[in-house]
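Scroll down for the structure; my scribbles are underneath it.
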């Protein structure tokens, strides 16, 4: 497997919003950046472009949801299409990773840090993007 890039943006794709995180392959860590609402279930490409211009990532990583048994669900195809569109629009390498447990892990982190308060469900998507990115860093080291 290729050595991971130095900086990456991670995406937790959803039809209503997309969580975004930034991470560093050297430390293997990531932090939540923001949550972008979709427009009529379509990504806000201008906002994504601004994040890419600001952070100048070497790679983009998209979490692809599946059922617990690994089979595709309704969002799987949309997330894969999103990853292809990212590559086509921004001409950066795009990796995908199974994100079945990212939302659960993000929720656990919120509980552990005491950060989970009413109205923070959207922030959970950005935390899930950080989990996705850290998972990819860990997988890329093998």
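The values are calculated or read from the model by the stated rules, or taken from the named source; none is laboratory data. Keep in mind that this is a model prediction, so the values were computed, not measured. As a convention, Cβ positions derive from the backbone with ideal geometry for all residues, glycine included, and neighbour counts pool all protein chains shown.
Restricting 30, 47 to those that are under 19 Å from residue 123 (Cα atoms) and not in a strand (DSSP E or B) reduces the list to 47. Within the range 5-46, the residues that satisfy the criterion of being surrounded by fewer than 23 Cβ atoms within 10 Å (Cβ to Cβ), over 18 Å from residue 65 (Cβ atoms) and in contact with a helix residue (DSSP H, G or I) (Cβ under 8 Å, 6 or more places away or on another chain) are 7, 22, 25, 28, 29, 31, 33, 34, 45.
Scanning the range 84-102 for residues that are without any contact (Cβ under 8 Å) to a residue 24 or more places away in the chain and closer than 20 Å to residue 39 by Cβ, we see that the one that is nearest to the chain's Cα centre (by Cα) is 84.
Within the range 35-43, does at least one residue satisfy the condition of being in contact (Cβ under 8 Å) with a residue 24 or more places away in the chain and in a strand (DSSP E or B)?
Going residue by residue through the range 35-43, those that are in contact (Cβ under 8 Å) with a residue 24 or more places away in the chain are 35, 38, 41, 43.
Retained after the next criterion (residues that are in a strand (DSSP E or B)): 35.
Yes, the range 35-43 contains at least one residue that is in contact (Cβ under 8 Å) with a residue 24 or more places away in the chain and in a strand (DSSP E or B).
Check the range 10-21 and report whether any residue there is over 20 Å from residue 76 (Cβ atoms), under 15 Å from the mean Cα position of the chain (by Cα) and in a strand (DSSP E or B). Give the derivation first.
First, the residues of the range 10-21 that are over 20 Å from residue 76 (Cβ atoms): 21.
Filter once more, so that each one left must be under 15 Å from the mean Cα position of the chain (by Cα): 21.
In the following step, the residues that additionally are in a strand (DSSP E or B) were identified as 21.
Yes: the range 10-21 contains one or more residues that are over 20 Å from residue 76 (Cβ atoms), under 15 Å from the mean Cα position of the chain (by Cα) and in a strand (DSSP E or B).
Screening the candidates 115, 53, 72, 68 for the property of being at pLDDT 95 or above, surrounded by fewer than 17 Cβ atoms within 10 Å (Cβ to Cβ) and over 15 Å from the mean Cα position of the chain (by Cα) yields one hit, 53.
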